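Have a look at the structure below, then the notes.
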Amino acid sequence: MSIQTQFSKILHYFQRPQKTAKVAKERLQIIIAHERVTRDKPDYLSAMQKDLIEVIAKYVDINREDVKIELERQDGCSILELNVTLPNFLDKKENSKVEAATEF
Amino acid sequence: MAQIIVVTSGKGGVGKTTTSASIAVGLAERGFKTVVIDFDIGLRNLDLIMGCERRVVYDFVNVIRGEASLNQALIRDKHVSELYILPASQTRDKDALTTEGVAVVLEELRKTFDYIVCDSPAGIERGAQLAMYFADHAIVVTNPEVSSVRDSDRMLGLLSSKTKRAEESREPITEHLLLTRYSPKRVTKGDMLSISDVNEILAIPLLGVIPESQAVLRASNAGDPVILDRESDAGQAYADAVSRFLGQDLPYRFIEEKTHWLKRLFSFKEKEAV
């Protein structure tokens, strides 16, 4: 065993391990905050996403994995952001962005 | 007008049935005519916890289907007068519960009872949704543990959107947090989420804290709801929770580590107020 590993073992022994309850709380705060945002999203979003992809796929040959759809909410206004990576006309990837804003 | 209370949690095994049984007994002991309904169709267990498993003849689904009258299906509790149990069916038919059927039964019960306690199954399937759908109060049973807290938060989301009160935009369901299996010792050691940690995350009023207790298993073994074990910490904590539900303001007990008298004697630190 090298001196280094022995040293780190000794060091580890004296380090107070982080309290697991604190870790649990931090993890929960993050995941729950995230889930609360998605929980308020309308149910039709995933169905609409599917339809939109169908429509785009009808005209352009796209990789379905390369489609991102996001709903952002700002005061009184929801922004639907659709990101499609269009496969290149000249072997170059081109990013096209369609944005639609709806007022609620 | 009768009040409907749903005991829910999302996660299984956190103490919904134990809680339903003890809260129902507690309410009946204070003189309120109470009925406790098992919504866990296919996995009935409230009857065992209440100690009436051998007296089940008809069940909730029989009543919904018109195969038995409500009076035939209701079992009179052997511990407290004024308390009745409506057992779940052991059918495997997932669609046995219908919104209309449950509505009719609850409407009928509302005429004669003060409190209707609905013991929800785990999960977010039909049984759980129907148990909460007509509720006026929700007791969210949570263990100080990550998966339970997360599931409770999910249930709070459903309570505020998938219930009759929410759909009719009436005053929302009154939410109560019941922290169960709490171990003050582990909290002190930093290995368990504390009351304030859970409270901070879920942010609903705290109805009670039930300590991890040997009495709970003893009670279920015997078929006597733990609230009847008046010497026990868990029993007393449930009694406190019932009092708080009825509007009393009580301090929380059993939330601090028990220290040995010798240790206390030699401790120089002033005891901090909670």
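The values are calculated or read from the model by the stated rules, or taken from the named source; none is laboratory data. Everything numeric in this text was worked out from a predicted model, so none of it was measured. Every residue, glycine among them, receives a Cβ derived from its backbone with ideal geometry; neighbour counts consider all protein chains shown.
General remarks:
- Looking across B:Ala222, B:Ala234, one residue alone is closer than 25 Å to B:Ser147 by Cβ and either acidic (Asp, Glu) or more than 14 Å from every other protein chain (Cβ to nearest Cβ) (or both). It is B:Ala234.
Quick grid of which residues meet (1) in contact (Cβ under 8 Å) with a residue 12 or more places away in the chain; (2) among the hydroxyl-bearing types (Ser, Thr, Tyr); (3) over 25 Å from A:Pro87 (Cβ atoms):
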site	(1), (2), (3)
A:Ser2	no, yes, yes
A:Phe14	no, no, yes
A:Gln18	no, no, yes
A:Ala33	no, no, yes
A:Ser46	no, yes, no
A:Lys50	no, no, no
A:Lys58	no, no, no
A:Asp66	yes, no, no
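- Restricted to the stretch B:197-220, and to residues there that are of a type in the set (Gly, Ala, Ser) and in contact (Cβ under 8 Å) with a residue 60 or more places away in the chain, the residue that is nearest to B:Arg154 (Cα to Cα) is B:Ser220.
- Unmet requirement for B:Asp93, which otherwise passes all of (1) at positive phi; (2) modelled with pLDDT under 95: (1)
- In the stretch B:122-141, the qualifying residues are those that are in contact with a Lys or Arg (Cβ under 8 Å, 6 or more places away or on another chain) and either under 12 Å from B:Val7 (Cβ atoms) or within 14 Å of another protein chain (Cβ to nearest Cβ) (or both), and the one that is surrounded by the most Cβ atoms within 10 Å (Cβ to Cβ) is B:Val141.
- Any hit, the stretch B:142-152, residues being out of contact with any Gly (no Cβ under 7 Å at 6 or more places or on another chain) and away from every other protein chain (no Cβ under 14 Å): no
- Residue check, B:Asp47 touching a residue at least 40 places away in the same chain (Cβ under 8 Å) and of a type in the set (Asp, Glu): yes
- Scan of the stretch B:158-208 for residues that are among the basic types (Lys, Arg) and more than 28 Å from A:Ala21 (Cβ to Cβ), ordered by number: B:Lys162, B:Lys164, B:Arg165, B:Arg170
- Filtering the stretch B:221-238 to residues that are assigned to a helix (DSSP H, G or I) and without any contact (Cβ under 8 Å) to a residue 12 or more places away in the chain leaves only B:Asn221.
- Note on the stretch B:165-218: among residues that are part of a strand (DSSP E or B) and polar (S, T, N, Q), the one that is nearest to the other protein chains (Cβ to nearest Cβ) is B:Thr180.
- If the condition is being within 10 Å of another protein chain (Cβ to nearest Cβ) and either assigned to a helix (DSSP H, G or I) or modelled with pLDDT of 95 or more (or both), then the stretch B:153-164 contributes B:Asp153, B:Arg154, B:Leu156, B:Gly157, B:Leu158.
- Among the residues of the stretch A:39-66, those identified as within 14 Å of chain B (Cβ to nearest Cβ) and surrounded by 10 or more Cβ atoms within 10 Å (Cβ to Cβ) are A:Arg39, A:Asp40, A:Lys41, A:Pro42.
- Qualifying residue in the stretch B:131-139 (condition: touching a residue at least 40 places away in the same chain (Cβ under 8 Å) and touching a His at 6+ places or on another chain (Cβ under 6 Å)): yes
- Test for B:Ala241: is it in contact (Cβ under 8 Å) with a residue 60 or more places away in the chain, more than 17 Å from B:Val149 (Cα to Cα) and either within 14 Å of chain A (Cβ to nearest Cβ) or surrounded by fewer than 19 Cβ atoms within 10 Å (Cβ to Cβ) (or both): no
- Restricting the stretch B:68-102 to residues that are over 18 Å from B:Asp114 (Cβ atoms) and small (Gly, Ala, Ser), the residue that is surrounded by the fewest Cβ atoms within 10 Å (Cβ to Cβ): B:Ser69
For every residue, the table says whether it meets (1) farther than 30 Å from B:Gln248 by Cβ; (2) at pLDDT below 95; (3) not in a loop (DSSP other than H, G, I, E, B).
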| site | (1), (2), (3) |
| --- | --- |
| B:Ala28 | no, no, yes |
| B:Gly42 | yes, yes, no |
| B:Leu48 | yes, no, yes |
| B:Gly66 | yes, yes, no |
| B:Leu106 | no, no, yes |
| B:Pro121 | yes, no, no |
